[in-house]
Amino acid sequence: MKTILACLLVLAISVTLSNAVCFYEPLNPGISRGELTGCLDSNGELHEFDTHWTNTDCYYCSCTSSGINCCSTFVRPVGYDEEKCVSIFNKETCTYKVVEKEDHSKECPVYAAKCAAIAVIFSISNRYTQIFYEQTEERKNFLD
């Protein structure tokens, strides 16, 4: 148990340092044939419970019984000459490219980036933690 808590602490600190962009949408229930089957995302698309996907804005999302959790999957460049260069985001590849403002065919050097990919790991670990606690509660109820 101590190992799990230590790992969660490290992940929490890593997410804070990575400047990850995550958000949570409370459950908007998706109903099919009169049964609750999953989550409706902001585009009205139904996702079954316990599924994962990457949305059109390059966020890795998961549907749980409490709602939708999404975190960015891309690395945002920061250490470059902002007067001479501009960063351009490609939604098809979920990546940034830093190019000269005057000539987009010329790339600029980038010396630092803010990474959000660790947020995906954090999101997955949150789900496993939730499953662990649900199983613990079931065991408690069974023993009572």
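What follows draws every value from the coordinates through simple rules; no lab data is involved. Only a predicted model underlies this, so the values are computations on that prediction, with no experimental measurement involved. Because the Cβ atoms are built from the backbone with ideal geometry, glycine has one as well, and the counts that use them run over all protein chains shown.
Some values worked out for this structure:
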| quantity | calculated |
| --- | --- |
| Label zone at His104 (point 7 Å along Cα-to-Cβ), backbone N below 16 Å, the range 54-88 | 85-88 |
| Relative exposure of His52, His104, judged by other C-beta atoms within 10 Å (fewest first) | His104, His52 |
| Where N is the number of residues in the range 74-115, Cα Rg divided by 2.2 N^0.38 Å | 1.08 |
| Spatially close lysines, pair count over the range 74-115: Cα under 17 Å, gap of eight or more or interchain | 5 |
| Förster-model FRET efficiency, 22 Å R0, Leu27 and Asn55, C-beta, rounded to 0.05 | 0.85 |
